[in-house]
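In what follows, a structure is listed as structure tokens, so that the remarks can point back to it.
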Amino acid sequence: MSEDGSGTTETTILPAYEVYREAGQPIGFSPDAKRLKWALEGPLSSAIEVMHGMKYDAHIPTEPYGDQTAASIIWHPISRSPFTEPKVSSVTVHIDNVEDWEYQWLEFHRFCHHPDESGEDPDEFLFGDLPDYDPDSDEEDEVHLLRCCRADRPRKKGETLLVKASGAFLTIHDYLSVVHPWLLGRREDILGAEGNLMKNEPLPTDTKLMISHWLPDQINFETEEDWRESMSKEPPKGEFTKTLSVFERPTDWSFMDGAFKPTPL
């Protein structure tokens, strides 16, 4: 099933993932990329397993992404497969909840205190100026909430990461070898963004999180239990969830006989 990028005969530079998105062209994960069972912990060789198919089956053993029995790590054959379909030269990755953390935190704490109260207990809450204020993205208040409920505002956490192909196209290993250590370095922020924002309580440090991909450029997380459930079964007929992209929606609308049927994509 894997496809090696080293022997490709392509002579032109492939477009970036964002070019397809901006043009409204279909693009998603390759079949091999959908076989990854990816945990946010440990080194790449042990954090990722390869499933037999695109759905998790507890009765079918997974294969290690990195075989450490030899003198050096041997990566699974799908490591050379394209990460996306169609192939791309790069993708800019963002962590969905971390990117949205500051906005959600403000929504929870916006009305806890009034700016006129500022200074009464600066350890509990604090209003003031944002030195890096951006009129295009920040609220238009005269003073800004900087701390609430004894926690600082999670300011500008939405970093992105540009992942480039090492060869003719972006492979699964190109992506994983760069993104996995980046995510580990941001684990504290991830636990904070995934925790209780009202109480400013991050998830426990020993929480096992699984990477849950919705789109090739967007990273989300689920607990291991939730991941197993979501990856172990197909959605019931007629049930559409936010996690399904337009490229994964059914084209067989026979179950809606007698009702409005959308035009297949």
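The values are calculated or read from the model by the stated rules, or taken from the named source; none is laboratory data. Computed from a prediction, not measured in an experiment: that's the story for all the values here. We place every Cβ from the backbone using ideal geometry, glycine too, and count neighbours over all the protein chains shown.
Among the residues of the stretch 169-207, what is the count of those that are among the basic types (Lys, Arg), touching a Leu at 6+ places or on another chain (Cβ under 8 Å) and part of a loop (DSSP other than H, G, I, E, B)? So that I can check it myself, show each step before the final result.
Going residue by residue through the stretch 169-207, those that are among the basic types (Lys, Arg) are 186-187, 199.
Filter once more, keeping what is touching a Leu at 6+ places or on another chain (Cβ under 8 Å): 187.
Adding the requirement that they be part of a loop (DSSP other than H, G, I, E, B) leaves none.
Residues in the stretch 169-207 being among the basic types (Lys, Arg), touching a Leu at 6+ places or on another chain (Cβ under 8 Å) and part of a loop (DSSP other than H, G, I, E, B): 0 in total.
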Original post:
Assuming Thr160 fulfils every condition listed in (1) surrounded by fewer than 16 Cβ atoms within 10 Å (Cβ to Cβ); (2) of a type in the set (Val, Ile, Thr); (3) in contact with a Gly (Cβ under 9 Å, 6 or more places away or on another chain) apart from one, which condition is it?
Top reply: (3)
Original post:
What number goes with the only condition from (1) part of a helix (DSSP H, G or I); (2) under 15 Å from the mean Cα position of the chain (by Cα) that Gly158 does not pass?
Top reply: (1)
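Check whether at least one residue in the stretch 40-56 is of a type in the set (Gly, Ala, Ser) and under 23 Å from Leu197 (Cα atoms), and report yes or no.
Going residue by residue through the stretch 40-56, those that are of a type in the set (Gly, Ala, Ser) are 42, 45-47, 53.
Then keep just the ones that are under 23 Å from Leu197 (Cα atoms); that gives none.
No, the stretch 40-56 contains no residue that is of a type in the set (Gly, Ala, Ser) and under 23 Å from Leu197 (Cα atoms).
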Subject >> Filtered residue count, the stretch 69-128, keeping only those that are in contact (Cβ under 8 Å) with a residue 40 or more places away in the chain and of a type in the set (Ser, Thr, Tyr) >> reply: 6
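Condition check ((1) surrounded by 18 or more Cβ atoms within 10 Å (Cβ to Cβ); (2) closer than 22 Å to Leu203 by Cβ; (3) not assigned by TED's automatic domain parsing to the domain that holds Arg147) across all residues:
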| residue | (1), (2), (3) |
| --- | --- |
| Thr12 | no, no, yes |
| Ala33 | yes, no, yes |
| His52 | no, no, yes |
| Pro64 | no, no, yes |
| Ala71 | no, no, yes |
| Ser81 | yes, no, yes |
| Thr84 | yes, no, yes |
| Gln104 | no, yes, no |
| His114 | no, no, no |
Original post:
Does Ser232 satisfy the condition of being polar (S, T, N, Q), at pLDDT below 90, touching a Phe, Trp or Tyr at 6+ places or on another chain (Cβ under 8 Å) and exposed (fewer than 12 other Cβ atoms within 10 Å of the Cβ)?
Top reply: yes
**OP:** Output the number of residues of the stretch 12-62 satisfying the condition of being at positive phi and touching a strand residue (DSSP E or B) at 6+ places or on another chain (Cβ under 6 Å).
**Re:** 0
**OP:** Would you mind finding the one in Glu85, Glu99, Glu49, Glu140 that is charged (D, E, K, R), within 25 Å of the chain's Cα centre (by Cα) and more than 30 Å from Ala23 (Cβ to Cβ)?
**Re:** Glu49
